[in-house]
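The values are calculated or read from the model by the stated rules, or taken from the named source; none is laboratory data. Owing to the predicted nature of the structure, the values given are computational and were not obtained by experimental measurement. Cβ placement follows ideal geometry from the backbone for every residue including glycine, while neighbour counts extend to all protein chains displayed. Heads up: the accessible areas ignore ligands, DNA and RNA and are worked out on the full protein's heavy atoms, side chains in. Shrake-Rupley method; radii C 1.70, N 1.55, O 1.52, S 1.80 Å.
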Amino acid sequence: MTTATETKQTDRLAVGTPLLEVRDLHVEFRTRDGVAKAVNGVNYSVAAGETLAVLGESGSGKSVTAQTIMGILDMPPGRITQGRILFRGEDMLAMKEEQRRRIRGRKIAMIFQDALSSLNPVLSVGYQLGEMFRVHEGASTTWA
Ligand SMILES: Nc1ncnc2c1ncn2[C@@H]1O[C@H](COP(=O)(O)OP(=O)(O)O)[C@@H](O)[C@H]1O
Ligand SMILES: [Mg+2]
């Protein structure tokens, strides 16, 4: 797994303010066939105004790292065995679920690769995108 970064001006936070830091993250899965070490010591950081691209071959742990950051890793079978995830300097792994929920969706969001399994075919895409704003921002369901 390797990373590349680009920086742009931001009107919210000073460029370069640390936002997200992944420190020595290790994640494994306990399966019937043994322990699969999916993420082994990943380190990266993203600052305000930065775009970070993570590249790596299939199965190198990109998605599991992202799921761990979002707090949506299936545990079990997943297990975080080592590492820290800092959001604006605070350790997300030590946060209460309530605090994490306030960050997830509002401050950190994830766009899933597989539209067929992440979107519900009986609801419009607009409705499903709007859900984030209804849940986190208290937006109404009426269209302007
Ligand atoms: N629920 C799971 N149970 C067991 N192994 C898993 C599970 N999810 C992911 N893995 C394994 O973790 C490794 C990393 O997977 P993943 O993060 O999806 O790779 P990438 O996104 O880089 O293609 C792979 O070996 C994958 O098989
Ligand atoms: Mg993936």
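Among the strands (runs of 3 or more DSSP E) lying completely within the stretch 11-122, list those that include at least 3 residues that are within 16 Å of ligand 2 (Cβ to nearest atom).
18-31, 34-47, 50-55
Which numbered condition in (1) at positive phi; (2) in the same structural domain as Thr17 (by TED's automatic domain parsing) is the only one that Pro76 fails?
Checking Pro76 against (1) at positive phi; (2) in the same structural domain as Thr17 (by TED's automatic domain parsing), the one that fails is (1).
Since Ser60 meets every condition but one in (1) in contact with a Leu (Cβ under 6 Å, 6 or more places away or on another chain); (2) at pLDDT 95 or above, which condition does it not meet?
All conditions pass for Ser60, except number (1).
Which members of the stretch 99-133 meet the condition of being open to solvent by 60 Å² or more (accessible area, probe 1.4 Å), under 14 Å from Ile72 (Cβ atoms) and β-branched (Val, Ile, Thr)?
Ile111 - this is the single residue of the stretch 99-133 that is open to solvent by 60 Å² or more (accessible area, probe 1.4 Å), under 14 Å from Ile72 (Cβ atoms) and β-branched (Val, Ile, Thr).
Would you pick out the residues in the stretch 127-144 that are free of Cβ contacts under 8 Å to residues at least 12 places away in the same chain and assigned to a helix (DSSP H, G or I)?
Correct list: Tyr127, Gln128, Leu129, Gly130, Glu131, Phe133, Arg134.
Which residue is nearest to ligand 1 (Cβ to nearest atom), if the candidates are limited to the stretch 36-70 and must be within 19 Å of Met92 (Cα to Cα) and among the β-branched types (Val, Ile, Thr)?
Residue satisfying both the conditions and the ranking: Val64.
Out of Leu25, Leu55, Leu19, report the one residue that is at pLDDT below 95 and in contact with a strand residue (DSSP E or B) (Cβ under 9 Å, 6 or more places away or on another chain).
Step by step, each of Leu25, Leu55, Leu19 is checked, and only Leu19 is at pLDDT below 95 and in contact with a strand residue (DSSP E or B) (Cβ under 9 Å, 6 or more places away or on another chain).
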